[in-house]
Amino acid sequence: MKVFLSWSGDLSHKVAIIFRDWLPSVLQFVEPYVSSEDIDKGARWSTDIAKELEESSFGILFITKDNIEAPWVNFDSSLTVAL
C-alpha cells in the first residue's frame, strides 16, 4: 500500500524522512513516498509527484506552525483528500 508523505520546510521534511524510514518497520506492507528521497535524479518532479499522489492509498501531511499556509502542503492536501 502506497502512502504519500507531504512536507514543506525543514522541520516538516526531517519528520517526514524519519517517518518514511520508520513506517515500514511497523507496517511491512506500506510503501512510503517522500518527494526529496524518492524522485529519481533527472526525473520530472511534477509528473512523478502527480503519479504518486494518484497511486497512493493514503496521505500523511506533516504540518507545523511554520508551514500551515505553505502552498505545496495545501496543494498536496487537496489532492490527498480526493484519494
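Over the chain, DSSP H runs of length four or greater, each weighted -39,500 (n - 2.57), average out per residue to a 222 nm ellipticity of -15500 deg cm²/dmol. Hey, quick one: spin label on residue 65, modelled 7 Å out along Cα-Cβ, who in region 5-27 has an amide N within reach, i.e. under 16 Å? Backbone N within reach: 10-12.
Starting from the Cα gyration tensor of region 2-81, take the square roots of the eigenvalues, sort them a ≥ b ≥ c, and report rounded, prolate or oblate (rounded when a/c is under 1.5, otherwise prolate if a/b is larger than b/c, else oblate). Let's see the in-between values first.
On the way: a/c = 1.39, a/b = 1.10, b/c = 1.26.
Rounded, since a/c falls under 1.5.
Highest mean packing first, where packing is the average number of other Cβ atoms within 10 Å per residue, the peptides 28-37, 1-10 line up as 1-10, 28-37. What the phi angles of region 53-66 give under the Karplus curve with 6.51, -1.76 and 1.60, with θ = phi - 60°, is a coupling list of 4, 5, 8, 6, 7, 9, x, 10, 9, 9, 9, 10, 5, 7 Hz, glycine and proline written as x.
Laboratory data are not the source of any read-out in this text; all were calculated from the coordinates shown. A quick note: this is a predicted structure, and the numbers were derived from the prediction, not measured. When we count neighbours, we look across all protein chains shown, and the Cβ atoms used for this are built from the backbone with ideal geometry, even at glycine.
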